[in-house]
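One structure below.
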Amino acid sequence: MSLPRDLSPSGRRLWRFHGGVHPPEEKALSTAAPIAPALIPDRLVLPLQQHIGAPAQPLVAVGERVLKGQLIAQADGAVSANLHAPTSGQISAIGEHPVAHPSGLNAPCILLEPDGEERRAELPEPLADFAQRDPGEVLARIRWAGIVGLGGAAFPSAIKLAPGPDLPIHSLIINAAECEPYISCDDMLMRRDAAKLVQGIHILRHVLGVTGECLIGIEDNKPEAITALQQALAAHAPAHTELVVIPTLYPSGGEKQLIQVLTGQELASKGIPAQIGMVCHNVGTAVAVADAVLRGIPLISRIVTLTGRGLAQAGNQEVLIGTLAADLIAQRGGYRPGVTRLIQGGPMMGQALHSDQVPLTKGANCLLAPAPAELDASAPAGPCIRCSQCADACPVQLLPQQLYWHTRAKDMDKVQDYNLFDCIECGCCAYVCPSHIPLVQYYRFAKNSIWTQAEEKRKAEHARQRHEARQQRLERVERERKEKIRQKNEALRRKDKPGSDQGKPDAAGNPSGNEAETDPKKAAIAAALARAKAKKAALAEQGVQPKNTAELTPAQQRQVEAAEKRRAQAASQQESE
Amino acid sequence: MPFQVLSSPHDHPARPVNRLMLQVLLALIPAIAIITWFFGFGLLINLTLASATALLAEAAVLRLRRRPVRPALFDLSALVSAWLLAIAVPTILPWWMVVLGSLFAIVVVKQLYGGLGYNPFNPAMAGYLLLLISYPMEMTQRLSPSIPREHMPDLLQSLQISFLRVIPPGTTWDALTGATPLDELRTKLAMGLRVDQIHSGSFWGHLTGQPWEWVSLALFISGLWLIYRRVISWHIPLAFLGSLSALAFLFFLLDPQRYPVGFFHLVSGGTMLGAFFIATDPVTASTTPLGRLIYAAAIGVIVFAIRSWGGYPDAVAFAVVLMNMAVPMIDHYTQPRVTGHKRRLGP
Ligand code: SF4
Ligand code: SF4
């Protein structure tokens, strides 16, 4: 139900999504000081895959000297992103290195030893007159710059900006909600770079050919950013662009939730905004776009919130992509005593890191090190008392306790009946659960096991088809061999009895008679058999395909592989329950 | 340095189950005080017996099931069941019946189904029904609030009644006990009297200080407090009280000689206890918003039907347990529409 909730301060009608929670905000911890400039660490670790999609292909060799902004790895295919050297220095290695991944797995990375000289590569010319240029040319620049969604999802931005001719875009949504508690990088960015953001919006509109409105959705807990943006908007007066202040409610910053709050439109399950003529970009992405187009600067740094009472010095900092979390924190004074947890992202959806020896990638928006008593996550889980508080809090109106129940029973069909794949893993349910059940962990486990199952079934089906094809081939070869022998014998027989009325060659010289009549018949039977077989295979395929996985989005498809890796770990966690 | 790795979210506000249960217990205290004031110390004895039995039984069964005992005892759910049972039964019940009811509630209704969260029936009400069906005489024998205060049994005498079935000298069982308003109504209607004739008897008050009404009022206010504290949701009390009053009012309009006004139903018997404390038990109630409304409205209907035409004077326990059975079906057909999906019936 999307009932009108209330009005924004500017008088615009707002809608609300179901549920949501109000965690304590704690943004003030990191907003006291302005954004600190980037520091150059002793080494940079640049994963080839910092985005959803295929890893980039390295263009450099070990020992090579590179310049700041130089392209060092190239996007591999459409869903991928370029990688540039964040500073000048020498490539010291290309190989596996620990990255921020739930399983603590290693991933291929380029290691760069900065020389501290900040020698710049030659940058492409600024496209100051972007409005006069072909949108495709501007888009190419954005793609070149290796920009991915900076809100955390790290989806290559160029793809979202080219939804194709069958999906005309009329509205641009700028996500400035930043609803996770603690995180303030977007807030601080808007305070500092409001003008750049407005430039970025102009560019995005041009590339998308948006003629309709542009809505900037921002939660009302960021008054300074709101003022800065209002001023920038007043100065640049872009047409149809409106800053919409929305009430603070987690997860307003979810793409679907934000669109619902701003427009009242509900995206179909598995739908993307482009299907309703909208594209949504994060403020950091828009600023990166402005930098790339107007200044020729690729995405080599981003703002990261360093926060939590477990850090000596909380704040926001410009960070070179590839800086190790440990180096960054050390440069800022290190940890306070007693820290046992480090989270990349916010307390609601962030990912706990095994170690701080992992690089900050393009999608990393926050490092959170809570003091021992700060965030409570380890309370033992009790039994579900069916209180439904989880269902009341779920922004997607799922029934989290049913999902939990059926996951525990390992009834994956039922879990999918209850729309597991609509879960955005926002954590609202687990947050309110009085029994402290780690609900989201169960949903991840369920998703992973379904993906793995689907993958196994796909493989099995593939193997079965291969086997059948081989069988058919063998049969055909056998048939042909027999046919040849038979024809040979026939010919011999005909030679023996030349006066026979049968086997009189016709005009075309083909043997006539029984054989000639039965052959088409045989072929027809064989064809019918093959058709039946194909039909059966298709049916079988439909039968074995798990319902939701049949229509996975490309992004989900790609997550399958990552998920498979995680599964072992998730399974062991499940066992130890 | 290696860090602790937990799944998101990384924060849980402290709102554990035992806090919720504790608030339910606190909310019962005003009513307990009023009952003790009007009906003597029997309730305190029942509370003690039921609580001790429940805790011991829970601990013993968990030990047998090789489950951790401490967290289960500290979630306070056993105490809540014990208290509700103790408040529901007569204050002059023999001690062993209280123990039996509590034992049955915890061991059979709760733990044999798997403990907290797994029991399909409300333990307190199932225990109550066991006693009502097995010992109908004792279960309907209530201390009369109208006996003079100097004849009200003191603590020692209450203990004697409970443990030895010995009543204070100079009085009789008949003098001590009396009918509840619902009993009274039932008997007199059966004798052919009209509601207005019964009404003129000494028994009825409309918030004129009648003990039953004070107890109901206390439970009502406590219930509102629980809603305010978000321990329970408003759906169930509203639908239960709403359907009960609506039906009562409708029949009152149709035949005022046979049916008392709706208000009478609200302040009589187990209505308020049922609406705010029993039907709202999360474990055994429906879990969807629409389902809760249906579940509770149906309880109101059953309560009215049994009170008006059934064989028992009060019916909250029957109604709740009956509707407990219907919960899986109600839940199945009242699932909310998942965002981004079309509405459909059932999963
Ligand atoms: S919030 Fe927790 S205890 Fe309550 S129904 Fe949901 S899972 Fe069960
Ligand atoms: S994590 Fe999933 S089930 Fe839980 S509240 Fe968020 S969307 Fe709903």
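Every number here is computed from the coordinates shown, using simple stated rules; none is lab data. What you see is a predicted model; the values in this text were computed from it and never measured. Neighbour counts are summed over all protein chains in view; Cβ atoms, including those assigned to glycine, are modelled from backbone coordinates with ideal geometry.
For Cα pairs less than 8 Å apart in space and 6+ apart in sequence, what is the mean separation divided by the residue count of the stretch A:346-469, i.e. the relative contact order in percent?
Working: 100 pairs, mean separation 31.7, N = 124.
Reported relative contact order: 26 percent.
Taking each residue of A:421-431 in turn, how many C-beta atoms of other protein chains fall within 10 Å of its C-beta, and what is the average? All intermediate terms of the calculation are to be shown ahead of the outcome.
Numbers: counts 0, 4, 1, 1, 3, 2, 6, 1, 1, 6, 7.
Average per residue, whole number: 3.
How many Cβ atoms of partner chains, on average, are near each residue of A:336-347 if near means within 10 Å of its Cβ? Let's see the in-between values first.
Values: counts 0, 0, 0, 3, 4, 5, 5, 6, 0, 2, 4, 5.
For peptide A:336-347, the averaged partner shielding equals 3.
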Worksheet item: Which entries of A:LYS27/A:LYS256; A:LYS27/A:LYS196; A:LYS459/B:LYS342 show an alpha-carbon separation above 31 angstrom in the structure shown?
Response: A:LYS459/B:LYS342
Fill in: Angle between chain A longest axis and helix A:223-236 axis [Cα atoms, degrees, rounded to 10]
80 degrees
Worksheet entry | Sum of side-chain charges, A:ASN175 neighbourhood, beta-carbon under 9 Å (Lys, Arg +1; Asp, Glu -1) | -3
Item to complete: Can you spot the aspartates and glutamates whose alpha carbon is less than 13 Å from B:LYS188's alpha carbon? Ignore those fewer than 8 places along the same chain.
Response: B:ASP196
Response to the item:
Ranked from fewest to most other Cβ atoms within 10 Å of their own Cβ, B:SER81, B:SER245, A:SER252, A:SER378 fall in the order A:SER378, B:SER245, A:SER252, B:SER81
Worksheet item: Which trypsin sites (Lys or Arg not before Pro) from the stretch A:245-336 combine a DSSP loop assignment with at most 15 other Cβ atoms within 10 Å?
Response: A:LYS270
Worksheet item: Order of B:222-230, A:123-131 by packing, highest average Cβ count within 10 Å first?
Response: B:222-230, A:123-131
Practice prompt. Quick one: among B:THR280, B:THR172, B:THR271, which has the greatest mean-square fluctuation in a GNM of chain B with alpha-carbon springs under 10 angstrom?
Written response: B:THR172
Worksheet item: Once the Cβ-Cβ distance between A:ALA532 and A:LEU105 is put in as r, and R0 is 41 Å, what FRET efficiency do you end up with, to the nearest 0.05?
Response: 0.35
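Rounded, prolate or oblate, given the Cα gyration tensor of the stretch B:99-197, with a/c below 1.5 counting as rounded? Let's see the in-between values first.
Working: a/c = 3.11, a/b = 1.41, b/c = 2.20.
Since a/c reaches 1.5 but b/c is at least a/b, the shape of the stretch B:99-197 is classed as oblate.
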Worksheet entry | 17 Å Cα-Cα reach of A:LYS447 towards aspartates and glutamates, excluding residues that sit fewer than 8 places from it in its own chain | A:ASP411, A:ASP413, A:ASP417, A:ASP422, A:GLU425, A:GLU455, A:GLU456, A:GLU551, A:GLU561, A:GLU564, A:GLU575
Worksheet item: Hey, what did chain B get for relative contact order, percent, Cα under 8 Å, at least 6 apart?
Response: 17 percent
Fill in: chain B: radius of gyration and largest Cα-Cα distance (Dmax), Å
21.4, 85
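Summarise the partner chain shielding of A:433-445 as one whole number: the mean count of Cβ atoms from other chains within 10 Å of each residue's Cβ. Write out the running numbers ahead of the final one.
Values: counts 4, 13, 8, 5, 1, 5, 2, 3, 3, 1, 1, 2, 1.
Taking all residues of A:433-445 together, the mean is 4.
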Practice prompt. Mind putting a number on the dipole of chain B about its Cα centre? Charges go on the C-beta only, +1 for Lys and Arg and -1 for Asp and Glu, and I need it in Debye to the nearest 20.
Written response: 1200 debye
Discussion item. Can you tell me the length gained on complete extension of the stretch B:ARG230 to B:TYR333, counting 0.36 nm per residue apart and subtracting the Cα distance?
Written reply: 34.5 nm
Worksheet item: Given that compact globular proteins tend to follow 2.2 N^0.38 Å, what is the ratio of the alpha-carbon Rg of the protein assembly as shown to that value?
Response: 1.25
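Once the mean 1/r over all distinct Cα pairs of the stretch A:398-505 is inverted, what Kirkwood radius in angstroms do you read off? Walk me through the numbers on the way to the answer.
Values: mean 1/r = 0.0522 Å⁻¹.
Final number for the Kirkwood radius of the stretch A:398-505 is 19.1 Å.
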Worksheet item: How do A:ASP76, B:ASP75 rank when sorted from fewest to most other Cβ atoms within 10 Å of their own Cβ?
Response: A:ASP76, B:ASP75
Discussion item. For A:LYS533, give me every one of the aspartates and glutamates with a C-alpha distance below 19 angstrom, ignoring sequence neighbours fewer than eight places off in its own chain.
Written reply: A:GLU461, A:GLU468, A:GLU475, A:GLU541
Fill in: chain B: angle of helix B:123-134 to the longest principal axis, Cα-based, in degrees nearest 10
40 degrees
Fill in: Tilt relative to chain B, helix B:289-309 - C-alpha long axis, 0 to 90 degrees, to 10
20 degrees
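How would A:THR307, A:THR241, A:THR87 line up from fewest to most surrounding beta-carbon atoms within 10 angstrom? Numbers along the way, then the final one.
Details: A:THR307 30, A:THR241 18, A:THR87 26.
Final ranking by Cβ density, sparse to dense: A:THR241, A:THR87, A:THR307.
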Worksheet entry | Euclidean distance of C-alpha centroids, the stretch A:93-152 and the stretch A:261-306, integer Å | 16 Å
